[in-house]
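S.K.: Here it is: the structure, laid out below.
What follows is calculated from the coordinates using simple rules that are stated; it is not laboratory data. Note that the coordinates shown come from a computational prediction; the quantities given were computed from them, not determined experimentally. As a convention, Cβ positions derive from the backbone with ideal geometry for all residues, glycine included, and neighbour counts pool all protein chains shown.
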Amino acid sequence: MYGLCFNLADANLNWESSVYWTVTLSNNTVVHQDDGFLNTWIRLGDYLRDNPSLRIKRYDVHFRDNIYSLPKNQSGYYFAQGIIQGVGRANGLNYYSMGYVESPTTVQIQCIKTPELICMTKENRPLAQCSSPMLILNPPT
């Protein structure tokens with residue numbers, strides 16, 4: 001029903017050239033991004049809403065053996081991705097926007113350059129401006 005990828009070998013990406021995220025849930029199940037878009041994150045959010053006893057405890061992004069991690073056990077996590085294309089440039093700047101709920105009213109968003117996994121910027125956004133499906137809130141503990 002949700003089509004989540006629980007085994008990296010089953011994912012639909014070329015792992016030698018792809019950036020992807022993984023999420024570890026409270027039952028220690030690992031969910032792997034299995035597409036190059038927001039679709040897996042949306043399916044993960046649906047899965048967690050339908051399984052309220054589960055929560056995200058760890059959120060990482062990978063490129064080959066390089067891993068960028070957000071703080072563990074936060075009350076929510078954010079994902080988006082984009083590209084900045086300059087006039088006259090052949091290639092754009094690809095990035096992931098990853099974040100976590102830093103306080104009851106604030107989400108810290110980190111703009112991560114891909115595939116290098118370098119944090120380019122950090123900004124705090126009001127929680128009210130970070131909506132579903134990009135923001136997945138964990139149930140209260």
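S.K.: Determine the calculated [θ] at 222 nm for the chain from helices alone, applying -39500 (n - 2.57) to every DSSP H run no shorter than 4 residues and normalising by the residue count; nearest 500 deg cm²/dmol.
M.R.: -2500 deg cm²/dmol
S.K.: Still on this structure, please answer the following. In whole Hz and in residue order, list the ³J(HN,Hα) couplings for segment 59-67 that follow from phi through the Karplus curve 6.51 cos²θ - 1.76 cosθ + 1.60, θ = phi - 60°; x for Gly and Pro.
M.R.: Per residue, the Karplus-derived 3J(HN,Hα) values read 9, 10, 10, 10, 9, 6, 9, 8, 10 Hz.
S.K.: A follow-up question, please. With the dipole of the chain worked out from charges on the C-beta (+1 for Lys and Arg, -1 for Asp and Glu) around the Cα centre, which of Phe79, Ala11, Thr106 lies farthest toward the positive end?
M.R.: Highest projection toward the positive end goes to Thr106.
S.K.: Given labels modelled 7 Å from the Cα in the Cβ direction, how far is it in nm from Thr141 to Asn91?
M.R.: Between Thr141 and Asn91, the simple spin-label model gives 4.1 nm.
S.K.: If we sort 21-28, 105-112 on the protection proxy, mean other Cβ atoms within 10 Å, highest first, what's the order?
M.R.: Descending packing order for the listed peptides: 105-112, 21-28.
S.K.: How much length is gained if the chain between Ala9 and Lys122 is pulled fully straight, taking 0.36 nm per residue apart and subtracting their Cα-Cα distance, in nm to one decimal?
M.R.: Stretched fully, the Ala9-Lys122 segment lengthens by 37.4 nm.
S.K.: Please grab the % of Cα pairs in segment 15-86 that end up more than 18 Å from each other.
M.R.: Considering segment 15-86, 40 percent of its Cα-Cα pairs are separated by more than 18 Å.
S.K.: By how many nm would the segment from Asn66 to Thr106 lengthen if fully extended, with 0.36 nm per residue of separation less the alpha-carbon distance?
M.R.: 11.6 nm
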